[in-house]
Amino acid sequence: MAQTSTIQNDTKAAEEYAARVFETIKQRNPGETEFHQAVEEFLNSVIPALAKEPKYEANGILEQLTEPERLISFRVPWVDDSGAVNVNRGYRVQFNSAIGPYKGGLRFHPSVTGSIVKFLGFEQIFKNSLTGLPIGGGKGGSDFDPKGKSDAEVMRFCQSFMTELQKHIGPDTDVPAGDIGVGGREIGYLFGQYKRLRGAYDAGTLTGKGLSYGGSLARTEATGYGLVYFTVEMLEAAGETIRGKKIVVSGSGNVAIYAIEKAHELGAKVIVCSDSAGFVYDKEGIKVETVKQLKEVERKRISEYVIIHPSAEYYAGGDVWSVPCDIALPCATQNEINADQARALVKNGVIAVAEGANMPSTLEAVDIYHENKVLFGPAKAANAGGVAVSALEMAQNSTRMSWTFQTVDEHLQNIMKDIHKNSSNAASEYGASGNLVIGSNIAGFLKVADTMIAQGII
Ligand code: GLU
């Protein structure tokens, strides 16, 4: 009895601490709704860990964790093909360097704001911690839209962006990579300008590089493959298999493409993929080679898929989450599944949702999965394969060696297994068995928080 009431007291104190920190976040970052959302999910998850160990509050860990170590914002002027001057805004948030150099992608998309970069950077801290590799959390990007731009325009933009960014990055300080709108082409231009400005070959400053200049085999595939490896772990732990399952994937970018490829290899059937204009339904299974050609080579809309495969159907402006499936893999962008869409998935019998994109489900959608016993793999666990292989790329760059595809892929599979195991063990240990949101947040948090305490107030 006495012990129960102590736990209740500790939980109440932890809740009050988290609520106090959240109030400060809202006041200090007004209107930054995505950042608030990411912090709210995290704070609610770590309450059992705060309740168990008063040292986190005593050391002001939440206050420090939720304030970026550094937030850089800069002007990016560039000249388009018509000779007109354009100005975009560039960002880099260096959120936490307790366990390694800041690490995280760059996103080029018109929706990029300080709030978006901060939510992504905040998530990255715990995602990177979960990989078990020595990488801190960072993120960056710009409101520049590469869509419809010529290669020459993208190059000039990347050169201008890097001219400022290079002051802040390096193989042991901060290592950017790709995200939405930043793929092999952009990383190439960014690396070229970095090398020119530095006058040195610091390959480990960027990851996701081409194979001829320090890139890692399997980095391109890593996020999508890792997502499917994680999904398999989640299904197997529940006595299920991926074989024969019908899958809906949203998006048709890097994460979606390699999730489709791996899901097919393991005997599932992906029937849908999409882009921001609509979705394709192919009851025979999405032909991944066609999606690669359209999106990676020709940079066209997914609607063109049905010209090549007339038996498939295209739904302009359609809602992918209205298509019945066993497994949903959101691989497009943040907040692409709201409460109504989560309800539709449940009604149509979904058994698992795993997030390839960052924060694609709203807080309400996540509650609906849990209430309905849908297996749920949150982004920071399920999509950590990309950044994990980025850290392996850094390791290869440091030793000036390159590993085989098989070696990298084996590492990736083991990392995804460990993330699932550690998240699920943490969930059980902290009284939330099966809840991988709580489990992954706590597992990611403990390593970073304990390291921050060990390193002192800095
Ligand atoms: N942008 C990816 C992510 O969200 C990868 C980051 C990286 O490789 O550094 O994790």
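Sort ARG28, ARG70, ARG107, ARG156 so the one with the fewest other Cβ atoms within 10 Å of its own Cβ comes first.
ARG28, ARG70, ARG156, ARG107
Could you please rank SER423, SER45, placing first whichever residue has the fewest other Cβ atoms within 10 Å of its Cβ?
On the way: SER423 28, SER45 25.
Lowest count first: SER45, SER423.
Please report the antiparallel percentage of the DSSP beta bridges confined to the chain, to the nearest 5. Before the final figure, lay out each step's value.
Details: 26 of 48 bridges.
So the antiparallel bridges in the chain amount to around 55 percent.
Which pairs, out of LYS246/LYS373; LYS12/LYS139; LYS287/LYS417, put more than 25 Å between their alpha-carbon atoms? Intermediate results must be reported in sequence, preceding the final value.
Working: LYS246/LYS373 18 Å; LYS12/LYS139 33 Å; LYS287/LYS417 28 Å.
Result: LYS12/LYS139; LYS287/LYS417 exceed 25 Å.
How large is ³J(HN,Hα), in whole Hz, for each residue of the range 331-343 in order, when computed from phi with the Karplus curve 6.51 cos²θ - 1.76 cosθ + 1.60 and θ = phi - 60°, using x for Gly and Pro?
Values, residue by residue: 10, 9, 7, 5, 6, 8, 10, 9, 4, 5, 5, 5, 4 Hz.
Determine the calculated [θ] at 222 nm for the chain from helices alone, applying -39500 (n - 2.57) to every DSSP H run no shorter than 4 residues and normalising by the residue count; nearest 500 deg cm²/dmol.
On the way: 17 runs with 225 residues, N = 458.
Using -39500 (n - 2.57) per qualifying helix, the result is -15500 deg cm²/dmol.
State, as an integer percentage, the relative contact order of the chain based on alpha-carbon contacts under 8 Å between residues 6 or more apart.
Rounded, it is 15 percent for the chain.
Sorted from fewest to most neighbouring beta carbons within 10 Å, what does the list THR404, THR207 look like?
On the way: THR404 10, THR207 27.
Placing the least packed residue first, the sequence is THR404, THR207.
Expressed as a rounded percentage, what relative contact order does the range 229-380 have, with Cα pairs under 8 Å and six or more residues apart?
Details: 313 pairs, mean separation 33.3, N = 152.
With pairs under 8 Å counted, the relative contact order is 22 percent.
Every read-out reported here was derived from the displayed coordinates using simple, explicitly stated rules and does not represent laboratory data. Quick caveat, the model's predicted, so the values are computed rather than measured. Using ideal geometry, Cβ is built from the backbone for each residue, glycine included, and neighbour counts are taken over all protein chains shown.
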